[in-house]
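Where a number appears in this text, it was derived from the coordinates with a stated rule and is not lab data. Since this is a predicted model, take the numbers as computed values, not measurements.
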Amino acid sequence: MIEKFVKSIVRWRPFALFALALLGLALRLYGLNWDQSNSFHPDERQILFHVTALSWPGSLAQFLDPANSPLNPHFFAYGSFPLQGGLL
């Protein structure tokens, strides 16, 4: 009796796992269009705004002045790598 019960539990576990994974995927993909195809995710949009403000310095003095250098994004919430990488 117990063996039959255990075998029935073992039989439906893969289906339950698949159903949970499918439900998780559906919940993850629902509402994925954050900006109605107008722009990026809010985090990516913030990075985009700061990358477009970056430019190459016009002189060596401007390059060496960290407060006024156009390569300084004055925004470091995500580090400087995504910003500088977007400039290239």
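With N residues in segment 34-88, what two-decimal value do you get for its Cα radius of gyration over 2.2 N^0.38 Å?
On the way: Rg = 12.9 Å, N = 55, 2.2 N^0.38 = 10.1 Å.
Cα Rg divided by the expected 2.2 N^0.38 Å: 1.28.
In nm, what is the difference between 0.36 nm times the number of residues separating residue 44 and residue 75 and their Cα-Cα distance?
9.8 nm
Grab the Cα-Cα distance for residue 19 and residue 51, subtract it from 0.36 nm times how many residues apart they are, and report the gain in nm with one decimal.
Values: separation 32, 0.36 × 32 = 11.52 nm, distance 4.21 nm.
Difference between extended and current length: 7.3 nm.
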